[in-house]
Structure formats: structure tokens, C-alpha cells
Amino acid sequence: MELTQKVDNRAGYWGSLEVDEKGILVDVSPEFCSYFAFEKPDIIGLSIAHIVEGATKKRPASAVGKTVISGLIKGRPCLIRIEKKDKHLIYSVILRKEEIDHAEFYSFLQMVDKPKIRSKTSNGNRYSFEEIIGDSPLMAQIKELAARIAASSSTVLLTGESGTGKELFAQAIHGLSSRKNHPFVAVNCAAIPDELFESEVFGYEGGAFSGAKKEGKPGKIELAQNGTLFLDEISELPYQAQGKLLRVLQEREVERLGGTGSKNVDIRIVAATNRDLKTLVQEGKFRQDLFYRLYVFELKIPSLRQRKEDILTLAYYFIEYFNEKLVQEVKYLAPNLQEWLLNYEWPGNVRELKAVIERGMNIVQGETLTMDSLFISPSLERSVEKTETEETPKLLSLEEAVSNAEVSAIQRALKEADGDRTKAAQLLNIHLASLYRKIAKYKLNK
């Protein structure tokens, strides 16, 4: 979008800035430079956050249509309209504090633009799809598919390498579901000792074991009533507990340790693993019947090396985050560091990238994050070799991805139900007529 057009003398227009998908200034209007005393060559290439303080409240990836925010430009409060044009954003200054009474301006800002502090909500959910950073085609496809799956109550299995953001997706799915106003309860199956797992997850009755509370204690499953139970690292679930979890999934009831009766539960299960459950089933370490119960919808979260278009976006996001947390003023990534970030294989994915940026931000001096700040020699750019060749999977259309997921779910449900379509429909939580239509649609009668 061309910003160097005829000067607009309308009241309430103080110039515009154009930023790319990474939040970097690519153009600025002469009005803006004139009114705020900037030299255009000095600010092109900077992050928008260094010109408009508060601009990061609306990330480029999440801005749709028109949005109005407040921000400081050279310490002067302004109202700014953000408009999306193709892949770029246009920031137009529509009001400066000089145009209205000082007290009125601040009163207005407090009313419409109170700072939002991310914290756990009362139901334990913190993240939405808008907060999952990444606009690469592969990531966009996964987010769209996850959003569609969120509408149902079927079990979801999130797979992918460590550090790819599986819990973020679990929380985002919960936040977009009909259960969003109910609890989101997370359980790390690898963090609870085997001998305590049943009492923690399934709960216990009074006197069930030495040291038990006399009134008993509800487990994580009961605490997630009407909401979502997120089972992270489900591959580490003790084998004995796998059978009890299967009963919860099949019968929708839970029996406390030491109890004699069952309690009905209405929960959605979202599980996650970075291991291959099929292999664990073959090795006898994971129950096959539980695997089929979990494998209704699988969402494979891509590794960072599969979506390299997002690496620099994430790096700048973490720079902004640590600028505020560590009181730094970093604006740039050195060219050789950018090259290294793009070429490195990231076995730890987004979690590792964040740690690398944090390390550098603790010791950086000046406005540029360099290889020296990270204690990484340019000669070590290729130090981590791939242990196996990994090809980026072919990008499917959203319709194709949804169709593949539905076919897989229907086939597995029919297999578990031994061909009984009524039972298969119950397993899929859909009407029998809907199952027949989908069988005909995908020609699964053969």
C-alpha cells in the first residue's frame, strides 16, 4: 500500500505507518514524519513496537478488519486505527492528546483500552488460537482444523515433538468449545509417581490408605466435570491406570480408590504425546483398546523446522517479551544470527527457541542481538545434524484434511465396534443417520 500519497488534511489524521507480517516498518507517510519529527530513513526497518509503544497489544497475526488501540508515540498518547491490507498492517494515527482535553483523553483510554494481563482464568484456561504464533501455511491449516474439531466433544489426541506447543492447542480447543466456561484441568502423566497416580487422577475415599484424608478427595477427573481433562504425556500413563481411564471413556463414570460406587462424569479428554503410541501398543506398553479410544481425532503439531517461515516471527516476539521483562531495548537480530536461526534444526522446537533468545537477552549490550550474545560460534551453525531425513508433509486443503480425519475416525470406530454401526455412531458421538451419510460420502461400504 502506497503511503507517500497526497497529504490528508482531515482533522484527526496524523499520518500512517505500514508494517509487514513480522511487525517491521516498511513504509511511513510524510505526514507522520512531519507531525512526530521522524526521519523516514531512520525508522524504516524498525519494529512497530519501538515507534508506537503499546502496538504489541495487537499482534499483526491476530488483527482482522479494523481495530482501534491506544499507544504512545514519543511519549504522546494517541489513538491508532489498525487496518489489515493483504499481509501487511496499516497503523493510522486518528487522534492526538492535543485534540481534546487532557483529562478526557486519559479517561477515555482507561475506559476502552485497559491493559490486559495474561493470567489463568478461573477455569484454568489461558490461551486462544490467536495467541498461538505462526502464520505459515502448515500452521494455519492445523489451527483451522483444530478450531473445527473444537466444536465437538470427541476425544482429541495431540501428537508432535516436545516443545511444539501441544498444551497451547489443548487450551485453545477448550476455549473454543461449548465447555469453555467450565474447568480445564491439566495432568502431566509423567510427573506423578505411579503409586500416587490413581489417587491423584481418580480420587480416593476416606480411609482408602494410610494417610488418606478422612473425608476423601476428588481426583482430577471429577474436578474437570463439564469441562476438559488434558492428559499430557499420556504415553507415560501407568498400565494399570490405563484400564481405569478406558472405563471413564467408555462408561463416562469414575470410581475413586477405595470406593464401592461410581460417579457419573461429563468431560472431554484431550491427550498429548511426543511418542508413537502405535509402537508402544506393539511393544505391549500401551493398551490397544485405549489407543483406539483416544485416536478419534489426531492433530499432529508441526515441528519448528517444518514451519521455518515462523522462526523469525517467533524470535522477534520473544525479543519483545524479554525487552519488557528484562528492561532491554533490543531492536534487531544480526544477519548472521538470523541465518543461524533459520538453518538450525531446533530439536527442542519453540521451547528451545525461547530459551535461546532468553539467554541472549540476559547479556546483550545495545540494540542488536548477536551470535556472541548467545555464545554460539558461526562455525557451529550446522553443529546439530539430523538423525534422520524428515520431509515436510504435503500441505492439504482444509477440506482434504478434515475428510482424512473423518475417514480415519470412522474406520477405527467401526473396527472397535466390530462393524456394528449403531455402536460406532455412539463411539463417535454422532447420530446414526449422520454415520450412514458419511459412510456413503466416503464410499466406505466396500
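The values are calculated or read from the model by the stated rules, or taken from the named source; none is laboratory data. Values in this document were obtained by computation on a predicted structure and should not be read as measured data. Positions of Cβ are backbone-derived with ideal geometry, glycine not excepted, and every protein chain shown enters the neighbour counts. Side chains included, ligands, DNA and RNA excluded: accessible areas come from the protein's heavy atoms. Shrake-Rupley method; radii C 1.70, N 1.55, O 1.52, S 1.80 Å.
Residues in region 1-18 that are aliphatic (A, V, I, L, M), open to solvent by less than 60 Å² (accessible area, probe 1.4 Å) and at pLDDT below 90: 3 alone. Suppose the filter is open to solvent by 40 Å² or more (accessible area, probe 1.4 Å), under 30 Å from the mean Cα position of the chain (by Cα) and over 19 Å from residue 297 (Cβ atoms); does residue 188 pass it? So residue 188 fits the description; yes. Within region 391-438, restricting attention to residues that are among the acidic types (Asp, Glu), modelled with pLDDT of 80 or more and over 18 Å from residue 149 (Cβ atoms), the residue that is least open to solvent (accessible area, probe 1.4 Å) is 416.
All of (1) crowded, with 20+ Cβ neighbours inside 10 Å; (2) assigned to a helix (DSSP H, G or I); (3) within 25 Å of the chain's Cα centre (by Cα) hold for residue 346 with one exception: (2). Considered as a group, the residues in region 159-176 that are outside any helix (DSSP H, G or I) and in contact with a Gly (Cβ under 9 Å, 6 or more places away or on another chain) include one that is surrounded by the most Cβ atoms within 10 Å (Cβ to Cβ), and that residue is 165. Working only within region 310-326, note down all residues that are open to solvent by less than 10 Å² (accessible area, probe 1.4 Å) and not hydrophobic (A, V, I, L, M, F, W, C). 310 - this is the single residue of region 310-326 that is open to solvent by less than 10 Å² (accessible area, probe 1.4 Å) and not hydrophobic (A, V, I, L, M, F, W, C).
Residues in region 282-319 that are without any contact (Cβ under 8 Å) to a residue 60 or more places away in the chain, in a helix (DSSP H, G or I) and out of contact with any Leu (no Cβ under 8 Å at 6 or more places or on another chain) were compared, and the one that is nearest to residue 340 (Cα to Cα) is 282. Being in contact with a Lys or Arg (Cβ under 8 Å, 6 or more places away or on another chain), in a helix (DSSP H, G or I), modelled with pLDDT of 85 or more and crowded, with 17+ Cβ neighbours inside 10 Å is a description that does not apply to residue 229. Only residues that are open to solvent by less than 60 Å² (accessible area, probe 1.4 Å) and among the aromatic types (Phe, Trp, Tyr) were counted in region 204-219, giving 1.
The lone criterion from (1) of a type in the set (Phe, Trp, Tyr); (2) touching a Lys or Arg at 6+ places or on another chain (Cβ under 6 Å); (3) closer than 30 Å to residue 177 by Cβ left unmet by residue 286 is number (2).
Condition check for residue 373 on (1) small (Gly, Ala, Ser); (2) open to solvent by less than 70 Å² (accessible area, probe 1.4 Å); (3) at pLDDT below 80: one failure, at (3).
May I ask you to say which residue of 145, 196 is of a type in the set (A, V, I, L, M), free of Cβ contacts under 8 Å to residues at least 12 places away in the same chain and assigned to a helix (DSSP H, G or I)?
Only one candidate qualifies: 196.
What's the number of the condition residue 179 fails, among (1) part of a helix (DSSP H, G or I); (2) open to solvent by less than 60 Å² (accessible area, probe 1.4 Å); (3) not small (Gly, Ala, Ser)? The one condition residue 179 does not meet is (1). Applying a threshold of 6 Å to beta carbon distances and a minimum spacing of six or more residues, or different chains, the list of pairs starting in region 222-242 at a residue that is touching a residue at least 12 places away in the same chain (Cβ under 8 Å) and ending at one that is crowded, with 18+ Cβ neighbours inside 10 Å and among the aromatic types (Phe, Trp, Tyr) reads 227/184; 228/184; 238/197; 241/197. Tell me yes or no: at least one residue of region 45-58 is within 20 Å of residue 322 (Cα to Cα), assigned to a loop (DSSP other than H, G, I, E, B), open to solvent by 40 Å² or more (accessible area, probe 1.4 Å) and modelled with pLDDT under 80. For region 45-58, residues within 20 Å of residue 322 (Cα to Cα), assigned to a loop (DSSP other than H, G, I, E, B), open to solvent by 40 Å² or more (accessible area, probe 1.4 Å) and modelled with pLDDT under 80: present. Taken together, the criteria exclude residue 329 from residues that are in a helix (DSSP H, G or I) and open to solvent by 10 Å² or more (accessible area, probe 1.4 Å). Any residue at all in region 26-39 that's assigned to a helix (DSSP H, G or I), touching a helix residue (DSSP H, G or I) at 6+ places or on another chain (Cβ under 6 Å) and either modelled with pLDDT of 50 or more or open to solvent by 70 Å² or more (accessible area, probe 1.4 Å) (or both)? Yes: one or more hits. Restricting attention to region 127-179, the residues that are acidic (Asp, Glu) and modelled with pLDDT of 90 or more add up to 2. Tallying residues that are among the basic types (Lys, Arg), closer than 20 Å to residue 179 by Cα and over 27 Å from the mean Cα position of the chain (by Cα) within region 212-264 yields 2.
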